[in-house]
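Asker: If you scroll down you'll find the structure; I have some questions about it.
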Amino acid sequence: MSIRIPYGRQTIDDSDVHAVSETLRSDWLTQGPKVEEFEAALAAYCGAKHAVAFSNGTAALHAAYFAAGLKKGDEFLTSPITFASTATAGIWQGAKPVFIDIDPETGNIDVKACEKAMTAKTRALVPIDYAGRPADLAACRKLAKTKGLVVIEDACHALGADYGEKKVGSLSDMTVFSFHPVKSITTGEGGAVLTDNLDFKNRLSEFRTHGIRRGEDWLYSVETQGLNYRLTDLQAALGLSQLKKLDGFIAKRREIARRYDEAFTGWDELETPSGAVEDSAWHLYVIRLRGALASKRREIFQALRRAGIGVQVHYIPVYFHPFYRNLGYSKGLCPKAEAFYARIISLPIYPGLTSAQQEEVVKTLRRVLNELGAGAHAR
Ligand SMILES: *Cc1c(COP(=O)(O)O)cnc(C)c1O
């Protein structure tokens, strides 16, 4: 059976279609006034001074590493439960990722473990707001301040998340977002870096457009080894239209998370995500199989897929991948992350998921656990 209910998907309506088609008839297709408008709206939403839009989240991460001044010989601290580009983007600047283990309750970086891993080469701390739940950003800031590190927050899961009274996007030296279709809002492909630091903002902007600084008349100068990482006005128009609906999207995701939490109450086969429903942007709803049942994760995954439920696993620890193995990283590096990876399954969560579909996910999971878990867990 094909996948009928994916783990994530975009929510597009007529106002989005209208915004894009209107821009398609305007004078600007590539980066122009809509990108500026989108950047201003994003910065205002998050409570940051500046936003710089990029062609995708990976480009935004790369630019953030550049702006932070990371280069060959430098190290940055990050965690392995993330999409590979968090680390790979830093390697493009010649820097070396040092993988720090996670807090197994949240999947976020264990900030206490960071201090021990620091060397004279450590330049940046790169927490990921896993599944949409902010990392311990106060602790990240504090450590960074005492040790002179730049905090680059990979918030690709967390646009719209709350942290105390503040919005994610206003809490780190640089915060990186992605607008891939499964994320909080989409521009097809797209990303952004938010910052309060004007110097970072200028470096980010320059890097995005070939390292160019404009002069008078025809004059311009290439100041740095930049790239073309621009977002288009077509995409920014979509982003602006989506941003208006962001709070509604997050409210839907939180409602879905709450319903899963309720449905799974008393299920001793799994643990639901910990922490407050209200803080997270709920990019993912990740269950953790308990005890011996974790050894049946693959069968459970396959049975759900066969039933048309598009479950996923987020993530294979980054350093398990051949590229990283070839760089010399090996299994055993972050035991808690590895144990976490062995137990997790991401269930469908996105604003357009209907309650009937969600009920189907829950019922199917119940059936699969009964079939496969029988013996492993007497209920
Ligand atoms: C999506 C994502 C990225 C990369 O974003 P793209 O827009 O796909 O390049 C990086 N880090 C995390 C945690 C992500 O989820």
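The values are calculated or read from the model by the stated rules, or taken from the named source; none is laboratory data. What you are looking at is a predicted structure, and each value in this text was computed from that prediction instead of being measured. Here Cβ is always computed from backbone atoms with ideal geometry, including for glycine, and neighbour counts include all displayed protein chains. Just so you know, the surface numbers come from the protein's heavy atoms only, side chains and all, with ligands and any DNA or RNA stripped out. Shrake-Rupley method; radii C 1.70, N 1.55, O 1.52, S 1.80 Å.
Asker: Let me have the relative contact order for the chain, percent, based on Cα pairs under 8 Å that are six or more residues apart.
Answerer: Dividing the mean separation by the residue count of the chain yields 23 percent.
Asker: For region 247-371, with the dipole built from +1 on Lys and Arg beta-carbon atoms and -1 on Asp and Glu ones, taken about the Cα centre, which of SER330, TYR350, VAL286 lies farthest toward the positive end?
Answerer: Checked the options; the winner is SER330.
Asker: Can you sort HIS157, HIS321 by 1.4 Å-probe accessible area, starting with the largest?
Answerer: Putting HIS157, HIS321 in descending order of accessible area: HIS321, HIS157.
Asker: Could you sort out which of LYS96/LYS167; LYS142/LYS244; LYS49/LYS244; LYS96/LYS201 sit more than 22 Å apart by Cα distance in this structure?
Answerer: Working: LYS96/LYS167 30 Å; LYS142/LYS244 33 Å; LYS49/LYS244 19 Å; LYS96/LYS201 24 Å.
From the list (LYS96/LYS167; LYS142/LYS244; LYS49/LYS244; LYS96/LYS201), the Cα-Cα distance tops 22 Å for LYS96/LYS167; LYS142/LYS244; LYS96/LYS201.
Asker: Each residue of region 199-210 in turn: what ³J(HN,Hα) in whole Hz from Karplus with 6.51, -1.76, 1.60 and θ = phi - 60°, glycine and Pro shown as x?
Answerer: 5, 4, 4, 5, 5, 4, 5, 5, 4, 5, 10, 6
Asker: A further question on this structure: With just the Cα atoms defining each centre, how far is region 196-213 from region 309-349? Give it in Å.
Answerer: 33
Asker: Of the trypsin sites (Lys or Arg not before Pro) in region 272-310, which ones lie in a loop per DSSP and count no more than 11 other C-beta atoms within 10 Å?
Answerer: Passing both the DSSP loop test and the Cβ count: no residue.
Asker: Hey, another quick one. So what's the angle, to the nearest 10 degrees on a 0 to 90 scale, between helix 14-24 and the longest Cα principal axis of the chain?
Answerer: Taking Cα atoms only, the helix is inclined about 30 degrees.
Asker: Over the chain, average the accessible area per residue using a 1.4 Å probe and give it in Å², no decimals. Show your work: numbers first, answer last.
Answerer: Values: 16620 Å² over 379 residues.
Per-residue value: 44 Å².
Asker: Quick one: net charge of GLN302's neighbours, Cβ under 15 Å, K/R +1, D/E -1?
Answerer: Around GLN302, the charge tally is +4.
Asker: For TYR7, enumerate residues with amide H under 5 Å from its amide H, sequence gap 5+ or separate chain, H modeled in the peptide plane.
Answerer: Here the answer is GLY310, since their amide H atoms fall under 5 Å of that of TYR7.
Asker: Starting at the first residue of region 165-180, write each ³J(HN,Hα) from the Karplus equation 6.51 cos²θ - 1.76 cosθ + 1.60 with θ = phi - 60°, in whole Hz, x for Gly and Pro.
Answerer: Whole-Hz 3J(HN,Hα) from phi for region 165-180: 8, 9, 9, 4, x, 10, 10, 10, 4, 9, 10, 10, 10, 10, 10, 4.
Asker: Here's a follow-up. Taking the Cα centre of the chain as origin, sum charge times position over the Cβ atoms of Lys and Arg (+1) and Asp and Glu (-1), and report the length of that vector in debye to the nearest 20.
Answerer: 1160
Asker: Whose amide H sits under 5 Å from the amide H of VAL150, counting only residues 5 or more places off or on another chain, with H placed in the peptide plane?
Answerer: Residues meeting the amide H criterion: ALA124, LEU125.
Asker: Alpha carbons only, please: Rg and Dmax for the chain, in angstrom.
Answerer: 21.1, 78
Asker: Please compute the modelled spin-label separation between ALA251 and LYS331, points set 7 Å along Cα→Cβ, answer in nm with one decimal.
Answerer: Spacing of the two 7 Å Cα→Cβ label points: 4.7 nm.
Asker: Assuming a strict under-29 Å limit between Cα atoms, what lysine pair count do you get for region 247-371 once near-sequence pairs (fewer than 8 apart, same chain) are dropped?
Answerer: 4
Asker: Hey, another quick one. When only the heavy atoms of the protein chains count and the probe is 1.4 Å, how do GLU269, GLU165 rank by accessible area, highest first? Numbers along the way, then the final one.
Answerer: Values: GLU269 5, GLU165 190 Å².
In descending accessible area the options line up as GLU165, GLU269.
Asker: May I ask which residue of ALA40, LEU270, SER15 lies farthest towards the positive end of the charge dipole of the chain, with charges of +1 (Lys, Arg) and -1 (Asp, Glu) on Cβ and the Cα centre as origin?
Answerer: Comparing the listed Cα positions along the dipole, LEU270 ranks first.
Asker: Shifting gears a bit: Please name which of PHE249, GLY73, ALA139 has its Cα lying farthest along the dipole of the chain towards the positive end, using unit charges on Cβ (Lys, Arg +1; Asp, Glu -1) and the Cα centre as origin.
Answerer: The one lying farthest along the dipole's positive direction is GLY73.
Asker: Taking every Cα atom in region 72-113, find the radius of gyration and the maximum pairwise distance Dmax, and write them in Å.
Answerer: Just the Cα atoms of region 72-113 yield Rg and Dmax of 10.8, 34 Å.
Asker: State whether region 211-260 is rounded, prolate or oblate according to the following rule on the C-alpha gyration tensor (a ≥ b ≥ c being the square roots of its eigenvalues): a/c under 1.5 gives rounded; otherwise a/b larger than b/c gives prolate, and the remaining case gives oblate.
Answerer: prolate
Asker: Here's a follow-up. Taking the Cα centre as origin and putting +1 on Lys and Arg beta-carbons and -1 on Asp and Glu beta-carbons, what dipole magnitude results for region 247-371, to the nearest 20 debye? Present the calculation step by step, with values, prior to reporting the outcome.
Answerer: Working: 19 positive and 14 negative charges, 106 e Å.
For region 247-371, the charge dipole is close to 500 debye.
Asker: From the phi of every residue in region 62-70, what ³J(HN,Hα) in whole Hz does the Karplus formula 6.51 cos²θ - 1.76 cosθ + 1.60 yield, where θ is phi - 60° and glycine or proline is x?
Answerer: 4, 5, 5, 4, 4, 4, 6, x, 5
Asker: Ok, one more. How many times 2.2 N^0.38 Å is the alpha carbon radius of gyration of region 77-197? Intermediate values should be presented prior to the final figure.
Answerer: Working: Rg = 13.5 Å, N = 121, 2.2 N^0.38 = 13.6 Å.
Compactness ratio reported: 0.99.
Asker: Please list MET174, MET118 in order of solvent-accessible area, largest first, computed with a 1.4 Å probe with all protein chains present.
Answerer: The ordering from most to least exposed comes out as MET118, MET174.
Asker: Now, a different point. So what is Rg over Rh here for region 247-371, counting just Cα atoms and using Kirkwood for Rh?
Answerer: 1.00
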